[in-house]
Amino acid sequence: MMIRPLAAAAFVVALSQPAFAQTVAQPPAYPIAVLQTLDKVTGRVRTVDTPIEQNLRFGTLDIMVRTCRKRPPEEQPESAAFVEVRDIKPGETPKTLFVGWMFASSPAISALEHPVYDVWVLDCKGEREAQSGAPPAPPPAAAPAQPPARTPRR
């Protein structure tokens, strides 16, 4: 008699586990991180779409984005990327400068500290967003307006 209520309770707990896991799930990962770079010597600012798990060279820096996550549109906007940055100078051993999360809404919280370069996260993109990142095609030229046809007067 006691087994049946325990089995029912175990069944309810088992069913509630996946539902709970879904409510605390992390934001989805995106395949492309949008980074902004600054060369403090030249003042050059660049926005770069960086595929996840691919090296990006910027001056002497080697930048690797491990994951990029973005909240769904119905929540408060936030993009974050887990980034690894190494300084690779010729004739020297590579030096790890930064490993951690960078947040688009608060770049100063977790920033790369370097005397020459700055790197920060702007956004995360999907494949379709990256492909549609090109400027839109100009609208087709309108045909010249023709004056209304004249009807002969009687």
Report summary line: Over region 56-73, the set of residues of a type in the set (Lys, Arg) and loosely packed, with under 12 Cβ neighbours inside 10 Å is 57
Report summary line: Reported set for region 37-73 where residues are closer than 22 Å to residue 105 by Cβ, in contact (Cβ under 8 Å) with a residue 24 or more places away in the chain and not charged (D, E, K, R) is 37, 38, 47, 63, 65, 67, 68, 72
Requested in this report: Might you let me know whether region 29-36 holds any residue that is at pLDDT 95 or above, closer than 26 Å to residue 93 by Cα and surrounded by fewer than 16 Cβ atoms within 10 Å (Cβ to Cβ)?
Outcome: no
Report summary line: The number of residues in region 74-86 that are surrounded by 12 or more Cβ atoms within 10 Å (Cβ to Cβ) and of a type in the set (S, T, N, Q) is 1
Query raised in the report: Are any of the residues in region 78-87 at pLDDT 90 or above, in a loop (DSSP other than H, G, I, E, B), within 11 Å of the chain's Cα centre (by Cα) and of a type in the set (A, V, I, L, M, F, W, C)?
Result: no
**Report entry** Condition check for residue 104: surrounded by 13 or more Cβ atoms within 10 Å (Cβ to Cβ), modelled with pLDDT of 90 or more, among the hydrophobic types (A, V, I, L, M, F, W, C) and in contact with a strand residue (DSSP E or B) (Cβ under 9 Å, 6 or more places away or on another chain)
**Finding:** yes
Query raised in the report: Among the residues of region 119-128, is any more than 12 Å from the chain's Cα centre (by Cα), closer than 12 Å to residue 34 by Cα and either assigned to a loop (DSSP other than H, G, I, E, B) or modelled with pLDDT of 90 or more (or both)?
Result: yes
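Name the single residue, out of those in region 14-28 being exposed (fewer than 15 other Cβ atoms within 10 Å of the Cβ) and touching a strand residue (DSSP E or B) at 6+ places or on another chain (Cβ under 9 Å), that is modelled with the lowest pLDDT. Talk me through it step by step, then tell me what you get.
First, the residues of region 14-28 that are exposed (fewer than 15 other Cβ atoms within 10 Å of the Cβ): 14-26, 28.
Keeping just the survivors that are touching a strand residue (DSSP E or B) at 6+ places or on another chain (Cβ under 9 Å) gives 26, 28.
Working: 26: 73, 28: 85.
Restricting to residues being exposed (fewer than 15 other Cβ atoms within 10 Å of the Cβ) and touching a strand residue (DSSP E or B) at 6+ places or on another chain (Cβ under 9 Å), the top hit is 26.
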Query raised in the report: Do we have any residue at all in region 41-55 that's in contact with a strand residue (DSSP E or B) (Cβ under 7 Å, 6 or more places away or on another chain), polar (S, T, N, Q) and surrounded by fewer than 18 Cβ atoms within 10 Å (Cβ to Cβ)?
Result: yes
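The values are calculated or read from the model by the stated rules, or taken from the named source; none is laboratory data. From a predicted model like this one, the values you see are computed outputs, not experimental measurements. Note that we place each Cβ from the backbone using ideal geometry, even for glycine, and neighbour counts take in every protein chain shown.
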